[in-house]
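The values are calculated or read from the model by the stated rules, or taken from the named source; none is laboratory data. Since the structure is predicted, the reported quantities are computational estimates derived from the model, not experimental observations. Backbone-built Cβ (ideal geometry, glycine too); neighbour counts: all protein chains shown. Ligands, DNA and RNA are excluded from the accessible area calculation, which covers all protein heavy atoms including side chains. Shrake-Rupley method; radii C 1.70, N 1.55, O 1.52, S 1.80 Å.
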Amino acid sequence: MGTSLMKEIMKNKGFITCIMLISVLIAAFLVRAFYIENLMDKVNVSEQLLNAAMLEENNGIVVADIFADGFSARAVYILCMSFSCMIFGNFAVAGVYLNVGIQLIAVLMLFSAGNNFLNRYLGLVFGTASALFPVVIEQISMVDESNIRILFAVVLIWFLSVVFYIIRKLRGKKKTKEISLKESTVKMTENEENGQVETTVVPDSSMKEIILDDVEAEKPKFIENPLPVPKRRAHKEMDYAIEPDENDDYDITDMTGKDFFDIE
């Protein structure tokens with residue numbers, strides 16, 4: 001029973017994709033945790049971002065002030081850093097863990113993009129590469145807007161993969177419809193060549209008035225008479241041997257203005 005259950009699970013493509021995605025995210029998180037604990041020497045903090053984030057933390061987070069100069073990667077990163085500082089307190093620690101979160105989101109979106117472009121195996125390659133690539137991991141120590149720019153690029157790739165996936169699905173449906181239409185046409189041609197014509201009787205579902213005269217009643221079944229009966233008479237007809245003349249006709253056709261005594 002256990003073997004059959006495992007076979008059914010392995011046939012489930014959604015389950016396999018979910019296992020792959022979770023494995024890639026766990027690997028990405030463990031590698032970054034190991035890098036932070038053992039390999040990261042220092043954190044490179046941008047002073048401009050530090051001052052802007054600390055100012056927002058002291059005065060309260062005002063989204064309108066952050067995006068006063070327009071939408072940009074720097075403004076988005078400052079907003080995220082302000083919330084991260086409220087949670088972790090220390091700016092450097094908040095920046096490092098914010099970068100870890102951004103990179104995990106990028107890994108997730110790259111896996112999804114690969115799956116949209118081709119299949120889950122390409123998604124596994126994309127996700128694993130972004131999770132284990134050393135240059136990407138080293139970006140954790142860079143507390144600046146470069147990480148959010150990388151995330152914007154990944155979002156763009158993911159959006160293009162979604163458009164590609166939709167187009168591929170629409171073309172696949174159209175191709176399937178054309179193939180089915182072609183197969184039905186070939187089947188009809190073969191039937192015509194073999195002299196076989198397929199007809200489909202469609203029952204009339206419209207309402208009609210039921211007339212009793214149109215309904216055929218069951219004929220009664222009589223029991224055969226066991227008693228002796230006389231033979232049936234042959235049907236005979238008797239007619240005149242001489243056709244009478246019209247003058248010998250005694251029928252009165254017109255009695256207008258006449259009495260029975262006036263008949264000649």
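In whole Hz and in residue order, list the ³J(HN,Hα) couplings for the stretch 33-44 that follow from phi through the Karplus curve 6.51 cos²θ - 1.76 cosθ + 1.60, θ = phi - 60°; x for Gly and Pro.
5, 5, 5, 5, 7, 10, 10, 7, 7, 8, 10, 8
Taking 0.36 nm per intervening residue step and subtracting the Cα-Cα distance, what contour gain separates residue 163 from residue 133 on full extension? Walk me through the numbers on the way to the answer.
Values: separation 30, 0.36 × 30 = 10.80 nm, distance 2.69 nm.
Residue separation times 0.36 nm, minus the Cα-Cα distance, leaves 8.1 nm.
Taking 0.36 nm per intervening residue step and subtracting the Cα-Cα distance, what contour gain separates residue 87 from residue 218 on full extension? All intermediate terms of the calculation are to be shown ahead of the outcome.
Values: separation 131, 0.36 × 131 = 47.16 nm, distance 9.07 nm.
Full extension from residue 87 to residue 218 adds 38.1 nm.
Pull out the extension gain between residue 19 and residue 181, defined as 0.36 nm times the separation in residues minus the alpha carbon to alpha carbon distance; nm, one decimal.
Values: separation 162, 0.36 × 162 = 58.32 nm, distance 3.87 nm.
Here the answer is 54.5 nm.
Quick check: at a probe of 1.4 Å, how many percent of the accessible area of the stretch 91-162 sits on carbon and sulfur atoms?
Here it works out to 79 percent.
Amide H of residue 145 versus every other amide H placed in the peptide plane: which residues, excluding those fewer than 5 positions away on the same chain, fall under 5 Å?
none
Within the stretch 104-136, whose backbone N sits under 12 Å from a point 7 Å along Cα→Cβ of residue 39?
131-136
³J(HN,Hα) across the stretch 224-231 via Karplus (A = 6.51, B = -1.76, C = 1.60, θ = phi - 60°), whole Hz, x for Gly/Pro?
Result, rounded to whole Hz: 5, 6, x, 7, x, 10, x, 5.
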